[in-house]
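Accompanying notes for the structure given below.
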Amino acid sequence: MEFLYEYGLFLAKTVTFVVAAIAIITVITASAIKQKHKKGELEITDLSEQFEDVEQEVVHALLNKEELKQKEKEDKKLAKEKAKENKKNAKSGESKLEKKSKVFVIDFKGSIDAKEVSSLREEISAILSVATKEDEVFVRLESGGGMVHGYGLASSQLERIRQHNIPLTVSVDKVAASGGYMMACVANNIIAAPFAILGSIGVIAQLPNFNRLLKKNDIDFEQFTAGEFKRTVTMFGENTEKGKEKFIEELEETHVLFKDFVNAHRPSLELDKVATGEHWFGTKALELGLIDVIQTSDDYLQNLSKSHKVVAIKYEVKKGLAEKFAKAASLSTESVLGKLMQKNRVFPS
């Protein structure tokens with residue numbers, strides 16, 4: 001009887017484990033199918049409302065009961081007068097109800113391959129479907145640059161806004177260098193924080209070469225191409241002077257394209273001064289003409305929210321269950337490593 005009891009308990013545990021595993025697999029599969037049919041969706045956040053809520057919270061914390069009562073009375077009176085005036089104007093046909101211009105806010109935090117451009121194009125398409133010339137697009141940009149074709153496409157997406165004659169402002173709180181500045185220069189107006197990094201109008205390419213190591217270990221490397229310059233330099237073969245010269249020539253051509261692009265959008269710049277590959281902090285960038293105003297994105301948006309409807313637009317690709325598990329595991333690992341570093345006073349250089 002004891003054996004039967006133990007066996008039954010083991011069988012129950014096994015069945016429970018199998019059922020749980022099947023349930024998890026089913027949920028992941030269903031999530032993957034749903035993800036396949038629905039790549040992502042737009043998230044719209046009313047930033048004007050957020051600014052107002054913060055202001056009201058601070059006011060309520062500072063005023064006493066009598067002062068709050070008086071303020072609420074004054075606010076109601078102003079709202080009533082405004083509604084009365086709008087109604088009067090609508091009846092007389094002089095004007096419609098007051099309509100605020102809108103500021104559409106986009107966040108772009110670029111990686112080396114600028115993969116975020118896939119979301120950027122969706123966000124801009126959504127904005128262009130409703131925006132007018134009285135509105136504005138505001139991009140909070142953060143990128144140290146990366147691949148030419150990726151940032152070229154990202155810049156072209158911002159160019160779409162200019163082509164529709166909608167004012168475009170780019171804000172740099174931290175960094176917009178190389179490909180990041182290629183994007184920023186498209187804007188009608190560039191603002192930056194005092195210590196933001198800007199510029200780096202140049203092109204770089206670097207790769208290791210293991211040819212001598214392979215030769216030392218008697219390892220042959222064979223590479224076959226059709227076309228003299230199909231491959232100019234390689235990591236494993238012996239690079240020729242002719243190949244190196246061609247590679248440098250291609251870099252120079254890319255640099256010329258970069259400079260022409262910047263010059264077309266900011267013709268007042270002295271390219272000989274700023275297209276050296278150097279970068280500068282915000283205050284110096286202002287002197288050089290790389291930006292127009294020293295200001296943070298927070299100040300700019302908070303000021304505009306008093307006269308405009310400020311709305312953040314974000315295209316979010318929904319992550320599947322498997323991706324969420326992987327991210328949670330990654331964050332947990334980072335948290336543990338962070339605690340260990342802090343405990344042992346070890347900091348990454």
Counting only residues 5 or more places away or on other chains, whose amide H sits under 5 Å from the amide H of Ser111 once H atoms are built in the peptide plane?
Glu116
Hey, got the dipole for the range 205-268? About the Cα centre, +1 on K and R Cβ, -1 on D and E Cβ, debye to the nearest 20?
200
Which one of Met235, Ala312, Ile197 has its Cα pushed farthest toward the positive end of the charge dipole of the range 186-322, where Lys and Arg give +1 and Asp and Glu give -1 at the Cβ?
Ala312
What pairs from Lys109/Lys174; Lys73/Lys306; Lys215/Lys246; Lys76/Lys306; Lys109/Lys314; Lys284/Lys314 go past 22 Å between their alpha carbons?
Lys215/Lys246; Lys284/Lys314
Quick check: residue separation of Lys71 and Ala226 times 0.36 nm, minus the Cα distance between them. What number comes out in nm?
47.9 nm
Using the Cα centre of the range 205-268 as origin and beta-carbon charges of +1 (Lys, Arg) and -1 (Asp, Glu), tell me which of Asn211, Gln223, Pro267 is placed farthest towards the positive end of the dipole.
Pro267
Just report the Cα centroid separation between the range 186-227 and the range 148-167, whole Å.
24
What is the sum of charges, Lys and Arg at +1 and Asp and Glu at -1, for the other residues whose Cβ falls under 13 Å from the Cβ of Glu55?
-3
Between Lys13 and His255, the two model label points (7 Å from Cα along the beta-carbon direction) sit apart by a distance in nm of 6.9
So how far apart, in nm, are the two label points at Phe195 and Ala20 if each is 7 Å from Cα heading toward Cβ?
4.9
In nm, what is the difference between 0.36 nm times the number of residues separating Ile294 and Glu270 and their Cα-Cα distance?
6.7 nm
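FYI, it's all coordinate maths here, none of it is from the lab. Just so we're clear, the structure is a prediction, and the values are computed from it rather than from any experiment. Because the Cβ atoms are built from the backbone with ideal geometry, glycine has one as well, and the counts that use them run over all protein chains shown.
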